[in-house]
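Read through the structure below, which is laid out as structure tokens, and then see the notes.
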Amino acid sequence: MTVGRKQFQELLLGFEMTKMPFLIVLMPPNGCASIDEALREGFQERVGDRGVVHGGWVQQPQILSHPSVACLVSHCGLGVLWESLMSECQIVLLSQDLDHILNARIMAAQMKVAVEVEKREEDGWVSKESLCKAIKAVMDEESEVGCLVKRNHANAESFPLGKERLVPNA
């Protein structure tokens, strides 16, 4: 997912607002040669070791299977959704493209295994508050939404194409 510099900075502030540790993997925003160029002044100092922003590709299945990773904020590509569904990570959906929007609606509204980040209707802008709210909703083990999503996600084996059919030796 590639976004503009202002949206990129807004997303990072949303992660910061959660007060949770995070690893963000995004391509540099449009018009920026690197992630460092796009960061707001003082961001790294504020988040310290709690947050890492990486601009490039990573081995996502290995990251999702790591015991310290509890949540994935996904751009809603079909491949990453299946990888995240087969992991134990909670899922937050941040769709941009038309097919990704459909994928997000299926995962959030139909399957109820994820939470979709609210966007402004007029321009699709994602606020730091809406991203923070979605992450906290799936990570809060006391909330109704968090419990529902976690329970449905854990029952992925019962979906028509459950874990045993999609991932060998899962």
I'm trying to understand the selection: among the residues of region 96-114, which are part of a loop (DSSP other than H, G, I, E, B) and surrounded by 15 or more Cβ atoms within 10 Å (Cβ to Cβ)? GLN96, MET111, VAL113, ALA114
In region 115-124, is there at least one residue being at pLDDT below 90, surrounded by fewer than 17 Cβ atoms within 10 Å (Cβ to Cβ), in a helix (DSSP H, G or I) and not polar (S, T, N, Q)? no
Residues of region 125-160 classified as more than 19 Å from ALA70 (Cα to Cα) and in a loop (DSSP other than H, G, I, E, B), total: 5
Any residue at all in region 141-148 that is at pLDDT 85 or above, within 17 Å of the chain's Cα centre (by Cα) and surrounded by fewer than 18 Cβ atoms within 10 Å (Cβ to Cβ)? yes
Is it fair to say TRP82 is among the aromatic types (Phe, Trp, Tyr), modelled with pLDDT of 90 or more and not in a strand (DSSP E or B)? no
Could you tell me which numbered condition GLY14 fails, if it satisfies all but one of (1) in contact (Cβ under 8 Å) with a residue 40 or more places away in the chain; (2) over 30 Å from ASN155 (Cα atoms); (3) in contact with a Lys or Arg (Cβ under 6 Å, 6 or more places away or on another chain); (4) not charged (D, E, K, R)? (2)
Search result, residues across region 47-94 that are closer than 27 Å to ASP36 by Cα, among the small types (Gly, Ala, Ser) and touching a strand residue (DSSP E or B) at 6+ places or on another chain (Cβ under 7 Å): GLY51, ALA70, SER74
Among the candidates VAL53, VAL73, VAL92, VAL58, single out the residue that is among the hydrophobic types (A, V, I, L, M, F, W, C), surrounded by fewer than 17 Cβ atoms within 10 Å (Cβ to Cβ) and either at pLDDT 90 or above or part of a strand (DSSP E or B) (or both). VAL58
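Pull up region 30-50, narrow it to residues that are of a type in the set (A, V, I, L, M) and not in a loop (DSSP other than H, G, I, E, B), then point me to the one that is surrounded by the fewest Cβ atoms within 10 Å (Cβ to Cβ). Reasoning before the result, please.
Step one: of region 30-50, the residues of a type in the set (A, V, I, L, M) are 33, 35, 38-39, 47.
Of the ones still in play, those that are also not in a loop (DSSP other than H, G, I, E, B) are 35, 38, 47.
Working: ILE35: 19, ALA38: 23, VAL47: 17.
Only one residue tops the list, namely VAL47.
The values are calculated or read from the model by the stated rules, or taken from the named source; none is laboratory data. The shown structure was predicted, so the numbers you read here are calculated from the model rather than taken from an experiment. For neighbour counting, all protein chains shown are included, and Cβ atoms are generated from backbone atoms with ideal geometry for every residue, glycine included.
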